[in-house]
Amino acid sequence: KVTILSTLSGVSAQIAVSDKRFIDSTISFGKMALELVNKHQIYNKGNQLCLSIASAYTMANDIDKALEYCRQAMNYRNYLYPSEIINSYINFGDCYFKLKKYQLGKLYLDSAKAILRSDYDPHYEMLIEQRNYEYSKEAGDFESALKALDRYTLLKDSIYSIEKSKTINELEQKYNKSENEKKINELNRANELATLNMKFLVVG
């Protein structure tokens, strides 16, 4: 039930980005799943559900409710991977950004960076720097905004290059596999013809 309700909440959240009518469904399914999580002590699912509900409230511009579920998400901290804790801090930052409390938002980004040091992932650093740029720009701290933008651009280009190289390697492997399969098929046909010729010779 938790898995099904979580999936329904997640899918509704994706649709809600373009159709706000699905915000209520995201929240409703998420809360139903969260109730089961707490009832049956499936705590490893709690953080993800709280953040999904918080994101829905953020889309609905109910930031107080979003913050409430961001705080609830941290109750499951002992069951989280570092990446999930980083997501929690980023969500806190987004809420305070909506409330125009930029410095408080940046404090949560600093907390996310601290977690990142022990479990580095360039994708998460890119997300943090993107938000650092947005928060600093809105706060009028253009020097910090420029530094964050430079770092964000560098990370984005680096990740794009890595992903592009990975895609090219995958295509090369598929091409080589295809060529090898063609050669194997040709050899098999040649063997079949040779065998057939041998039978003719034997019959002859």
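The values are calculated or read from the model by the stated rules, or taken from the named source; none is laboratory data. Note that this is a predicted model, so its numbers are computed, not measured. Cβ atoms come from the backbone with ideal geometry, glycine included; neighbour counts cover every protein chain shown. In case anyone asks, the SASA skips ligands and DNA or RNA and just uses the protein heavy atoms, side chains included. Shrake-Rupley method; radii C 1.70, N 1.55, O 1.52, S 1.80 Å.
Being under 29 Å from Glu129 (Cβ atoms) and either touching a Ser or Thr at 6+ places or on another chain (Cβ under 8 Å) or not in a helix (DSSP H, G or I) (or both) is true for just one of Ser18, Ser88, Ser83, Ser25. Which residue is that?
None of the other options fit; the residue is Ser18.
Residues considered: Ser12, Ser28, Ser55. Of these, the only one that is open to solvent by 20 Å² or more (accessible area, probe 1.4 Å), more than 23 Å from Leu80 (Cα to Cα) and among the polar types (S, T, N, Q) is Ser28.
Among the residues of the range 137-160, those identified as more than 24 Å from the chain's Cα centre (by Cα), part of a helix (DSSP H, G or I) and either closer than 18 Å to Leu99 by Cα or at pLDDT below 90 (or both) are Lys137, Glu138, Ala139.
Selection of the range 97-144 for residues being under 11 Å from Ile86 (Cβ atoms), open to solvent by 50 Å² or more (accessible area, probe 1.4 Å) and among the aromatic types (Phe, Trp, Tyr) yields Tyr108, Tyr120. For the residues Lys65, Lys39, the requirement of being in a helix (DSSP H, G or I), among the basic types (Lys, Arg) and closer than 19 Å to Lys100 by Cα singles out Lys65.
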